[in-house]
Structures are given as C-alpha cells and as structure tokens.
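Colleague: Got a structure here, written out as structure tokens. Questions coming.
The values are calculated or read from the model by the stated rules, or taken from the named source; none is laboratory data. From a predicted model like this one, the values you see are computed outputs, not experimental measurements. Heads up, the Cβs are rebuilt from the backbone with ideal geometry, glycines too, and the neighbour counts pull from every protein chain shown. In case anyone asks, the SASA skips ligands and DNA or RNA and just uses the protein heavy atoms, side chains included. Shrake-Rupley method; radii C 1.70, N 1.55, O 1.52, S 1.80 Å.
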Amino acid sequence: MADAKVIPFDDDRSRTRRRPGRAAGDAAVRALPGQHGPEDGGPAGPHAPGAPDGLRAAGPVEPLEAVGDAGSEGRREGWERRLAGGLAFLRRRVTGEYEVDEFGYDKELTDQVLMSLVRPLAEKYFRVDVKGVENIPAEGGALVVANHSGTLPLDGLMMQVAVHDNHPAGRHLRLLAADLVFMLPVVNELARKAGHTLACAEDAERLLLAGEIVGVMPEGFKGIGKPFSERYKLQRFGRGGFVSTALRAGVPIVPCSIVGAEEIYPMLGNAKTLARVLGFPYFPLTPTFPWLGPLGALPLPTKWTIQFGEPIPTDGYPAEAAEDPMLMFNLTDQVREQIQHTLYKLLVQRRSVFF
C-alpha cells in the first residue's frame, strides 16, 4: 500500500513534518478547489475529485494555529480591558473623582467592589434562590419589608445582592440599619458606602421620594436574636412606622420572605450579663460559638430562598391616612401575615436545611 500523504494545517513549508526516508517532493500541500497541486497539476488533498467521500472537505479549512491565536487574542483583550478598568477605578479613588450621595452611598464602589465581595457568599455558599424579584417596581420608590433572623444580619446583605443581581431593571436596595451598625468602626463606613442608612422615618421617606428601593426589617433585634426554638415565627413588627412612611411617600410595600438564615447560627442560649457588659443587645451561644473560638463564627452552609411577594399599593389612600392608627395596624398585620404565610409555604417546599 502506498504511503498516505500528510496534509499540513497551513502552507508554511518549514513547519511540515516529513517522515524519515520520504522525499521532499512527496509532501502534499493543501490546495483549495480549482487550484493545481505541486505534483501533478491537479487539486491535492481532500478536495481532489478522486478522494473518498469521508475525506472530502466542505470548504476551506481554517488553520488550527489561526483559531488558537484568535482565542488567545480575545482573552488577552479581555484581560487588558479589565486591567484598564481597574486602573481607572484606582485613579478615581486616589484623585477623589467619584460621587457619593447625601447619605454616603458610593454606587461605583458598591457595584465593583462590595457586591463582588459578598456575591460568592450568596452564590456559592448559601446558594440563594431568588423568586418574585420582578414584583419590585422597575422605576420609582418602593418599600421592601422582610423577616429578620440569623443571629448576625447576613440576611440583609443577601437580600441586597438578590435585588442588585437579579432585578430586570438593575435596581439597587437601600437598607435601613440599626444605630448599632453605625457605632462600630469600619462597619460604619462600609455600611454607608453600600447605601445603608439609619432606620428612621425621615431618612426612609427622603429615599422613597427620591425613587429609591428601601429595605426594612421591622422585627429588629427581636427577630435576629430570637432563640432557635422560635425560628420562622415572626416577632412583633413594631408600631407600624414603616407603613406610615410608605403611605406618606405613596409607594407600594413589597413583602419579602427569607428562608435559610435561621439555621446559619442556631442560637441555643443568650449570655445576657456579657451582652450588657459589651453593650450588645444579646450575646449568642451556639453549638460552635464561643466554644470553637473564631472558627465558631463560620456560618453553616444552609440553602437559602428569598421570595418577593405581590406589592401592596398605598397610593390610593388620602394624605391623612398616614395618621390613622387603625389603617396602619391593618396594613402592618396584612404585610406580616403575607410574609408568615410565605415562610410556611417555603418551609414545606424545601427538601432539607442544606439542599
């Protein structure tokens, strides 16, 4: 049987491998249809009329080296763009050419740095499943009201990432935080930069009237510091101040139910004396903290679900409705019941705490 001809991937003769003992003239060069080959004046390779059907090419074959070069070139351009963007970001930080609003919110820092730090925790560790985010309006203000739990307020951060990364209109959530957050060093500055502000009616109303999405957790420390035996049982929602704020701003209330946060730090006890000494609302005792030291502060990798419910409109009420205690009580109870009902429904649907 005659030796098979070697078809090089390109026309670079110097790169063509020759088998030992072959003459230089035996090496065939890939020719396009209609071109003459070097040996017999006819087409060579898989385009030859006499070549078997399995070897016929449908058209010119791109050199593999060219394909590889194009891929590496694209990757190189991508890295160059990222590097250029990163250097431009650092330059703006150093020169102070960036903007913050009156509350200290730094949108660029939040988008490019802070969300990038929290996102792996949401996507890889807690594997947050987000539902109903389209119930948050695409424009204008809205008040998102959620349950609060987990010993440490990680649920607020996960809710912020859920809105930031999943809303069709790319909305940002501005959280109302307790005064303790703004008394802690470092945490205070990061909270301001991320768009959090003090949980007071005046700040909330200003944000809502400016068309922002505002998040509030009315349970406060009563919810986040409740014992594990009372998990997923909503505490009191205060005196309905959030409803009054929504009524004055004329924005819808969006109930939000979070499942998975209750189990990250199962709070089995509360060292009240130590909490008073440290100035904390509670000092949690969990199966791992403080017994394992810093390792005990690692949350359990539970599976989370965050569901945003149907919005409750408030723009149909008269201006004086914000001062009606009975209306505020009814709306507060409606929001609370909707969140509680959704929590029970999600708990029935989930397969386990971790999956």
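Colleague: Using the Karplus curve 6.51 cos²θ - 1.76 cosθ + 1.60 with θ = phi - 60°, what ³J(HN,Hα) values do you get for each residue of the range 186-193, in whole Hz, with x for Gly and Pro?
Modeller: The phi angles translate into 6, 4, 4, 5, 5, 5, 4, 4 Hz.
Colleague: Mind checking the per residue accessible area of the range 267-345 for me, 1.4 Å probe, whole number of Å²?
Modeller: Numbers: 4720 Å² over 79 residues.
In whole numbers, the range 267-345 has 60 Å² accessible per residue.
Colleague: Could you list the GluC sites (Glu not before Pro) in the range 62-167 that lie in coil according to DSSP, counting only those with at most 13 other Cβ atoms within 10 Å of their Cβ?
Modeller: Passing both the DSSP loop test and the Cβ count: Glu97, Glu99, Glu102, Glu139.
Colleague: Right, something else. In whole Hz and in residue order, list the ³J(HN,Hα) couplings for the range 348-355 that follow from phi through the Karplus curve 6.51 cos²θ - 1.76 cosθ + 1.60, θ = phi - 60°; x for Gly and Pro.
Modeller: My calculation for the range 348-355 gives 5, 6, 6, 7, 7, 5, 9, 9 Hz in order.
Colleague: Could you pull out every one of the lysines with an alpha carbon less than 29 Å from that of Lys345, ignoring same-chain neighbours closer than 8 positions?
Modeller: Excluding near neighbours in sequence, the set is Lys124, Lys131, Lys222, Lys226, Lys233, Lys303.
Colleague: Taking 0.36 nm per residue of sequence separation and subtracting the Cα-Cα distance, how much length would be gained by fully extending the chain between Ala84 and Glu139, in nm to one decimal? Intermediate results must be reported in sequence, preceding the final value.
Modeller: Numbers: separation 55, 0.36 × 55 = 19.80 nm, distance 3.21 nm.
Computed gain between Ala84 and Glu139 is 16.6 nm.
Colleague: I'd like the FRET efficiency for Leu209 and Phe182, computed as 1/(1 + (r/R0)^6) with the beta carbon distance as r and R0 of 22 Å, rounded to 0.05. Show your work: numbers first, answer last.
Modeller: On the way: r = 22 Å, r/R0 = 1.01.
For R0 = 22 Å, the calculated efficiency reads 0.50.
Colleague: Provide the FRET efficiency to the nearest 0.05 for the Leu274-Leu190 pair, computing r from the beta carbons and using R0 = 22 Å. Mind dumping the intermediate values first?
Modeller: Values: r = 26 Å, r/R0 = 1.17.
Computed FRET efficiency for Leu274 and Leu190 comes out at 0.30.
Colleague: Taking amide hydrogens as modeled 1.01 Å from N in the peptide plane, which residues meet the under 5 Å criterion relative to Ala210, leaving out close sequence neighbours?
Modeller: none
Colleague: Turning to a different aspect of this structure: Could you list which residues have their amide H under 5 Å from that of Met267, counting only those 5 or more apart in sequence or on another chain, with H placed in the peptide plane?
Modeller: Amide H neighbours of Met267: Phe228.
Colleague: Can you list residues from other chains, or at least 5 along the same chain, whose modelled amide H is less than 5 Å from the amide H of Leu173?
Modeller: For Leu173, whose amide H was placed from the backbone, the distant partners under 5 Å are His164.
Colleague: Using Cα centres only, tell me the gap between the range 145-207 and the range 222-296 in whole Å.
Modeller: 15 Å
Colleague: Rounded, prolate or oblate: which fits the range 263-355 when a ≥ b ≥ c are the square roots of the eigenvalues of the alpha-carbon gyration tensor, with rounded for a/c under 1.5 and prolate only if a/b beats b/c? Mind showing how you got there, number by number?
Modeller: Numbers: a/c = 3.70, a/b = 1.63, b/c = 2.27.
Oblate, because a/c is 1.5 or more while a/b does not exceed b/c.
Colleague: In addition: With θ set to phi - 60°, apply the Karplus curve 6.51 cos²θ - 1.76 cosθ + 1.60 along the range 170-178 and write out the HN-Hα couplings as whole Hz, x wherever there is a Gly or Pro.
Modeller: Taking θ as phi minus 60°, the curve returns x, 6, 10, 9, 9, 8, 8, 10, 5 Hz for the range 170-178.
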